[in-house]
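Written below as structure tokens is the structure these notes are about.
The values are calculated or read from the model by the stated rules, or taken from the named source; none is laboratory data. All values reported here derive from a predicted model rather than from experimental measurement. All Cβ positions, even for glycine, are placed from backbone atoms using ideal geometry, and neighbour counts span all protein chains on display.
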Amino acid sequence: MPTKIIDINEATIKSYVESLRPEDLEIRKQIDIGYAYDGKSVILFQIRPKWDNPKEKLQIDFAKITRIKSKKIWKLYWMRASGKWELYEPFSESTHLNEIVAIIKKDKHGCFFG
């Protein structure tokens, strides 16, 4: 029987995203949280209905975490209103993904959750 390899980084992100998601399924229809992970970058996003067409869902990115393999670090970015990613200052990198997640949780400057 083949063994499934668990990516500890994806497990960390998945656990964090699950902690943010509303428990009530009816609320999730109005706002939910998701992520995309390709092994080197993570995008965290809100999922919500389009205001003028509630049947259409929007994905609104709010955080990006990128792994710099050569330096063995993770870098944190936030989405500006202009739609461009900006390095999260003053704390923007760490060797541990858990530290990056903790910075997003604190959201000291209101960049991720307003």
Hits in region 63-114 - residues which are of a type in the set (Gly, Ala, Ser), touching a strand residue (DSSP E or B) at 6+ places or on another chain (Cβ under 6 Å) and within 17 Å of Val17 (Cα to Cα): Ala63
Any chance Trp78 is within 21 Å of Glu10 (Cα to Cα), more than 12 Å from the chain's Cα centre (by Cα) and either modelled with pLDDT of 95 or more or polar (S, T, N, Q) (or both): no
